[in-house]
Structure formats: structure tokens, C-alpha cells
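These notes concern the structure reproduced below.
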Protein chains: 2
Amino acid sequence: MKKKIDNIRAIFFDIDDTLYDSTLQVKNARENAIKAMKEAGLRVTEEKGLLILEEIVREFGSNYPYQFNELLKKLGYKFNPRIIAAGVAAYHSTKLAYLVPFPDTVPTLLGLRDSDYKLGVITDGISVKQWEKLIRLGLQHFFHSVIISDDVGYEKPDDRIFKIAAKSIGYKPYESIMVGDRIDRDISGANKAGMVTVRILKGKYKNQKPRNEMEMPDYNIKNLMEILEILKIERKR
Amino acid sequence: MKKKIDNIRAIFFDIDDTLYDSTLQVKNARENAIKAMKEAGLRVTEEKGLLILEEIVREFGSNYPYQFNELLKKLGYKFNPRIIAAGVAAYHSTKLAYLVPFPDTVPTLLGLRDSDYKLGVITDGISVKQWEKLIRLGLQHFFHSVIISDDVGYEKPDDRIFKIAAKSIGYKPYESIMVGDRIDRDISGANKAGMVTVRILKGKYKNQKPRNEMEMPDYNIKNLMEILEILKIERKR
């Protein structure tokens, strides 16, 4: 049975692969980093370099600042600050270049704002880093509430982070929608908290299959704009 | 008595305030960070904000990553990731924007290269960070040797870092020129090592007075291009 849409007053969004293409961003940042390191003298094929980088991220986490040091070590190189710096510069420049919203992100947020919905963000990560993303995306002024795991002490899919978010914006979970790409985090946790759930089929998790009832979203969408249809908002723009 | 110029085969450069305007870069990065934090809700005058930031850099060092956290603390604020992220984003964008060589840096390096001098860098700092500067400045391919305190274990004005640099490039210290802005580090150490010393009068240390013989440069220049005159190189470009 579908949850009620008429009650909805607040819409919460995940950031990565929901508001912008973080899968493409990371892919291109890593590729450009490997290319730059090769130009600076690293001898490795692009394919092998990328595989090792992915291995390092799995092992040390995505916020580990010494990924390229580790890459050199795994390839049998001594510490080489020139090659590492070439990778770091290319990686960061590419990350910045791809920190732009999906084409329909801003029109969707404008449509929701103009229909008087309260907007929020629920995201896992380091709070300064997640805020920096919102600021560089130019989206920070849309949101009445930004809830980050680092600040509240709970991570998705813990239902408490969703309940805290709803409370912070002044509504109940059942008056809220959660939009996100990950069924095991966004959808599962928001369902448990009692929110209406919308899965956006973008990024590297788009082919993931629900393993249980909690991972089943109320709605599946391919583009953010479809939220306006779900809420029966007429598109003015 | 002036040291001999006829023997010179290698020229070493400091990076900050020698190859690019790091004083202006840091000044503008801090100002833009304070402005962005004010826009994000921080209540402080620009003057006071800058004074406190300078105090923090003196206390914690210029590579301290939590300068803005500390600023908020000193102003009686609780941790606020939104304000901090606004500062961080503005600071880094400004630093990147000002990471360009002085107008006469590239013409000077080209002139020296075309006259078959070996070129090097001697700099204090974290090696990946200093390499990243050279790469973003687009100068990395000029240098046969880049010696960074972090890698060799000695900092300016220790004469050993200058001796290591000369040896790495294949010449004696007396066959080398050191160009830098700081008499207490670049000039003092290079004099002790036996190099010919050129002080460039740029940046925040340009009015510093020598306190002893070792801090007296062999030459004072206002623009990098004057090195070509010292070496009697005809300008072709």
C-alpha cells in the first residue's frame, strides 16, 4: 500500500548521485589523476592504476588523504612527491570541475520551493566537507535544514538520523519525503523512520536490487524532476 | 668583495614570493574567506577577523587545517560546519586563482635555460605541497633539481640543504646562485654554503634589514629579470 502523498510538507535529499553526478566526478578525477601521474613518470597502465586505486579506497576509505602515496607503494615505487603532487593537483581540479548539479536539480528545487515545501538534506560524511559540496554546487540557500551524520552521531540507515531531520524542519516523518540513490541506506532508513521514500536511479548503485521489504522504495524515478509529478505540482518553468 | 660570477653554472630559486606572489595570494585568500564566512552568518568585522586569523597562523602554523574552526572558537561560536565550509571553499578557490607566476618569472627561466644554466629549487615545506605549487604554476619542467626540506631533513638557513642542492645538480656551491626573498633563510644559508646570493625585494619581507654579515646578499634585485643582467645574458625575448 502506497503511503499518503497529501500530507507531505517537507522533502529531504541525499547529496551524492542525487543532487549531482558524484559517480562521474570520482571516475573522471581518478582517471585524470592516473594520467597526470603517468605524465610525471609513473609507469603503469591506466586500467591497472585504476584497479589499484579502487582497492586502496576499499581498504582505507574514500576520505583517506594518502591514496596516491599508497598507490606508489603498491607499485614498488619509493616515495615520490613529484608524481604524487601531479596526481593530487589533477584529482582536485577534476573534482571541482564536476561539482555541478544535475541539469534538473535546480529546476526541481525551485519548483518545490515555489510550492512552499520545506527542503532539507540528509547525508553521511564529514560535516565541513558535505557543506563545502553544497556551497560549491550553489545549492546551500535552498535548504532549511542540513543534517550530517558527523554532527548528529547517527549514520544512514539508522532511522534516528531521519527522525532528527524531520523534527529539525518542524514536521513528522510521515509528512516528509526522502529522496536518495541507495536502497541500503537512504530508502531502508527512511522507510523505517516512516517517511515516504523515493529512489533515484542514478550512479553506481542504480542496478542494486532490494534485499528486503525495507529496501523497497515507494517510488522509483530516473530524474529528479519526476518528484514534481509525484506531488502533482504543475511545472511553471 | 663580490663573489665571482664567471663560474656560475646553476641557479637555484626559492618558491614563495620569488617565483610567484604568495604574499598577495595569502592576503586575498584570507580576506575572501572572511567575506564568505560573513555571508554565511559570521558576525565579525573584516579587520578583526583577519587579525584573529593571523594570530591563529602564528600559534598553529600556516599548514594547520583547522584555522577556521579555531576562528569560530575564538569568537565564541559553537562548531558551525556551514560557516567553516564557506571559508574553506573561498580560501582554496582564491589560493588556486593566485597560483600564477610573476610576469617576469617565465621569461627569466627561459632566458637562463636557453643560456644553458642548470635550474633548481630550494624550498622549505611539505614536499607534496611544494611540488603541487610548481605543477600548478606550470614551472615544473624548468628544474633539474627540486630540493625540499621535508625530503632532505634540513631546513633553510641550514647550509646543508644548499650543499645537497648544489651536489644534486652536479656543481659546487660557488658555481651556484641562490635567489630568494628572505635574508634570514635564503641569503644567510646560501652565503654560509658558499653560493652567490641574490635577494629579491618582493613580498612581506622586502623591508627586512640584515642583522649580520651572513644576511647580506651579493646582489639585490627588484625583478627576477635582473638576474639576466647580473649574468650578462642578452635578452632575446
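Grab the beta carbon distance between A:Glu229 and A:Arg9, set R0 = 22 Å, and tell me the FRET efficiency rounded to 0.05.
Working: r = 18 Å, r/R0 = 0.82.
The value I calculate is 0.75.
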I'd like to know which of B:Asn32, B:Asn191, B:Pro157 lies farthest towards the positive end of the charge dipole of chain B, counting +1 on Cβ of Lys and Arg and -1 on Cβ of Asp and Glu.
B:Asn32
Between B:Leu96 and B:Arg160, Cβ-based FRET efficiency (R0 41 Å, step 0.05) works out to 0.80
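Sum up the charges of everything whose Cβ sits under 14 Å from the Cβ of B:Pro101, counting Lys and Arg as +1 and Asp and Glu as -1, but leave B:Pro101 out.
Within the 14 Å Cβ shell, the charges total -2.
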Looking only at aspartates and glutamates whose Cα falls under 13 Å of B:Lys4's and that sit 8 or more positions away or on another chain, we get B:Glu175, B:Asp218
Which residue, chosen from A:Gly170, A:Ile148, A:Asn223, occupies the Cα position most advanced towards the positive end of the dipole of region A:124-237, where the dipole is computed from +1 (Lys, Arg) and -1 (Asp, Glu) charges on Cβ about the Cα centre?
A:Asn223
Helix axis angle, A:81-97 relative to chain A longest principal axis, alpha carbon, degrees:
20 degrees
Here region B:202-209 yields Karplus 3J(HN,Hα) values (6.51, -1.76, 1.60; θ = phi - 60°; whole Hz; Gly and Pro given as x) of 9, x, 6, 9, 5, 9, 5, 9
Would you calculate, for the protein assembly as shown, the mean residue ellipticity at 222 nm contributed by helices, counting each DSSP H stretch of 4 or more residues as -39,500 (n - 2.57) and dividing by all residues, to the nearest 500?
-13000 deg cm²/dmol
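Could you tell me whether region B:23-97 comes out rounded, prolate or oblate from its Cα gyration tensor? Rule is a ≥ b ≥ c as square roots of the eigenvalues, rounded for a/c under 1.5, then prolate if a/b exceeds b/c, otherwise oblate. Intermediate values should be presented prior to the final figure.
Values: a/c = 1.44, a/b = 1.17, b/c = 1.23.
Taking the square roots of the gyration eigenvalues as a ≥ b ≥ c, region B:23-97 is rounded.
Does region A:102-237 come out rounded, prolate or oblate by the C-alpha gyration tensor, with a ≥ b ≥ c the root eigenvalues, rounded set by a/c under 1.5 and, if not, prolate when a/b is larger than b/c and oblate if not? Kindly include the intermediate steps, with their values, before the conclusion.
Details: a/c = 1.33, a/b = 1.09, b/c = 1.22.
It is rounded, given that a/c, with a ≥ b ≥ c, falls under 1.5.
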Can you list residues from other chains, or at least 5 along the same chain, whose modelled amide H is less than 5 Å from the amide H of B:Arg182?
B:Ile187
Counting other beta carbons within 10 Å of each residue's own, what order do A:Phe79, A:Phe142, A:Phe162 fall into, fewest first?
A:Phe79, A:Phe142, A:Phe162
How large is ³J(HN,Hα), in whole Hz, for each residue of region B:21-34 in order, when computed from phi with the Karplus curve 6.51 cos²θ - 1.76 cosθ + 1.60 and θ = phi - 60°, using x for Gly and Pro?
8, 6, 5, 5, 4, 5, 4, 6, 4, 5, 4, 5, 5, 4
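At a Förster radius of 22 Å, what calculated FRET efficiency corresponds to the Cβ-Cβ distance of A:Lys27 and A:Arg211, to the nearest 0.05?
Details: r = 26 Å, r/R0 = 1.18.
For R0 = 22 Å, the calculated efficiency reads 0.25.
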By a straight-distance test (C-alpha under 18 Å), which lysines pair with B:Lys27 as possible cross-link partners, with residues fewer than eight away in the same chain excluded?
B:Lys35, B:Lys38, B:Lys48, B:Lys95, B:Lys133, B:Lys202, B:Lys204, B:Lys206
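Hey, got the dipole for region A:23-97? About the Cα centre, +1 on K and R Cβ, -1 on D and E Cβ, debye to the nearest 20? Walk me through the numbers before you get to the answer.
On the way: 12 positive and 8 negative charges, 39 e Å.
Using only the charged Cβ atoms, the result is roughly 180 debye.
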From the phi of every residue in region B:4-19, what ³J(HN,Hα) in whole Hz does the Karplus formula 6.51 cos²θ - 1.76 cosθ + 1.60 yield, where θ is phi - 60° and glycine or proline is x?
6, 9, 5, 6, 4, 10, 9, 10, 9, 10, 6, 9, 5, 6, 10, 8
Counting sequence-distant residues (5 or more places) and residues on other chains, those with an amide H built under 5 Å from that of A:Val146 are A:Val121
Rounded if a/c under 1.5, otherwise prolate or oblate - region B:96-160, Cα gyration tensor axes:
oblate
Among B:Trp131, B:Pro101, B:Tyr91, whose Cα projects farthest towards the positive end of the dipole of region B:1-132, with charges put on the beta-carbon of Lys, Arg (+1) and Asp, Glu (-1)?
B:Tyr91
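No value in this document is a laboratory result; all are computed from the given coordinates. These numbers come from a predicted model, not from an experiment. Quick reminder, even Gly has a Cβ in these numbers, built from the backbone with ideal geometry, and neighbours come from all protein chains shown.
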